[in-house]
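Structure record follows, encoded as structure tokens.
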Amino acid sequence: MDFQPSARAQQTAARVRAFIQEHIEPIEAEHWRTMLAQRHGGDWTQWTIPPIVEELKAKAKAQGLWNLFMPDPELGAGLSVLEYAFSCEETGRSMMAPEIFNCNAPDTGNMEVLWKYGTPEQKVQWLTPLLAGEIRSVFFMTEPDVASSDATNMAATAVVEGDEIVLNGKKWWSSGVGDPRCKIGIFMACTPNPDAGRHGQHSMVLVPMNTPGVEIKRMLPVFGEYDEPHGHGEVHFTNVRVPVSNFIAGPGKGFEIAQGRLGPGRIHHCMRMLGAAEKSLELAIKRGLQRTAFRKELINLGGNRERIAEHRVAIDQARLLTLQAAWKIDKLGVMSALTDVSAIKVVAPNVLQSVVDFAIQIHGGMGVSHDTPLTAFFNQARSLRLADGPDEVHKGMIARLELMKYGVTR
């Protein structure tokens, strides 16, 4: 296995780093202060996109730093999963950066689904404007009335009636649904088929957000933050009708598509978390060197040096594990990287949570304020121990795959 970044990967990551340092870091703190001062709470109907966001997106696009996640060179940067990982880590150092490069979730995953499985018509109507950054999207999967850690539990339905699909159900934690630019959603639901197995009962359906019967009920705060102007919403679907042509890859293909969507997406999440961990450790060390207490620099109090060492090791271990998963996806495919992908999904959020906790402690009261990105990083880390499957589900997957080596299939 060779995790050494190619020349192209190194150059792209360096350009991303330079753009963030030149254009994003100087304005990011003020950007978030402005957003906090004018926030509208859970009233997503009042949310707006700050002009600086679109200005920075235009600059990134002009410099060719756009759609870096997309492996198709005609649609994006043409980087492999492993090559993109290094740029992805750079964007993780900033809560603002992923969107500026049009590399933000859930759009990246939705674009990959349309690229891999969409019809020519679906690509023209939805993939093209998403790649251009003209609209945004949402992925409807998690449900409030069932234990969504078991994805086969879905109660929402997508039933064919003539030349239409009728959608019914409740979804929540639908990230990005409050964004005024959100125009299309991918709705995953049960399409009952007695002739199909357990994983052939679900479908993904394209749903324009202005379709009758689609109702945003509320935005859900995460540790008190509504994540304006994107949000995480609860959305109800009541007899929503869309054409049969809105199936992605056909009925019953939902889980097959999900495997392809979630593999690279988890690499992206984990590398961004490692970027955030690096930024948090950097902030902790700088704070520890600048402040004194009891006639000593904070860095030399208690076991802080040892904690720095432990976090340095943990970040580097998590990075190597994530790069291994990316390499396997590139060389062997997602199905050959199932253990690795589940492993990083457990490791990376926990590493970030631990590093941020240390950084917050070093910063004292400042650490729990909005004066640093640490609370946002902590929010991200803790949330991602649930999103895309909780830790326990991924540990269960790792154990099951390991036991299969010994002939245990239950």
*Which pairs have Cβ atoms under 7 Å, sit 6 or more apart or on different chains, and link a residue in region 190-217 that is at positive phi and assigned by TED's automatic domain parsing to the domain that holds V177 to one that is surrounded by fewer than 17 Cβ atoms within 10 Å (Cβ to Cβ) and at pLDDT 95 or above?*
G213/T238; G213/N239
*Search region 51-92 for residues being of a type in the set (D, E) and assigned to a loop (DSSP other than H, G, I, E, B), and hand back the single one that is surrounded by the fewest Cβ atoms within 10 Å (Cβ to Cβ).*
E74
*Filter region 362-376 down to the residues that are out of contact with any Lys or Arg (no Cβ under 6 Å at 6 or more places or on another chain) and part of a helix (DSSP H, G or I), then identify the one that is surrounded by the fewest Cβ atoms within 10 Å (Cβ to Cβ).*
G365
*Selection status of S203, in contact with a Cys (Cβ under 9 Å, 6 or more places away or on another chain), of a type in the set (S, T, N, Q) and either in a strand (DSSP E or B) or surrounded by 17 or more Cβ atoms within 10 Å (Cβ to Cβ) (or both)*: yes
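Conditions (1) buried (at least 18 other Cβ atoms within 10 Å of the Cβ); (2) over 21 Å from the mean Cα position of the chain (by Cα); (3) hydrophobic (A, V, I, L, M, F, W, C), marked per residue:
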residue: Q259; (1), (2), (3): no, no, no
residue: S280; (1), (2), (3): yes, no, no
residue: R291; (1), (2), (3): no, yes, no
residue: G303; (1), (2), (3): no, yes, no
*asked:* Any residue that is touching a residue at least 60 places away in the same chain (Cβ under 8 Å) and of a type in the set (S, T, N, Q) - is there at least one of those in region 249-272?
replied: yes
_Whichever residue in region 161-180 is crowded, with 16+ Cβ neighbours inside 10 Å and charged (D, E, K, R) and, among such residues, is nearest to H236 (Cα to Cα)_ = K170
*Residues in region 334-356 that are within 19 Å of the chain's Cα centre (by Cα) and not hydrophobic (A, V, I, L, M, F, W, C): how many?*
6
*Candidates A343, A359, A309 - the one that is at pLDDT 95 or above, surrounded by fewer than 23 Cβ atoms within 10 Å (Cβ to Cβ), among the aliphatic types (A, V, I, L, M) and farther than 29 Å from P71 by Cβ*: A309
*asked:* Within region 33-50, take every residue that is of a type in the set (G, A, S) and touching a residue at least 24 places away in the same chain (Cβ under 8 Å) and give me the one that is surrounded by the most Cβ atoms within 10 Å (Cβ to Cβ).
replied: G42
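The values are calculated or read from the model by the stated rules, or taken from the named source; none is laboratory data. None of the values given here were measured: they were computed from a predicted structure. Methodologically, a virtual Cβ is constructed for each residue, glycine included, from the backbone with ideal geometry; neighbour enumeration extends over all protein chains shown.
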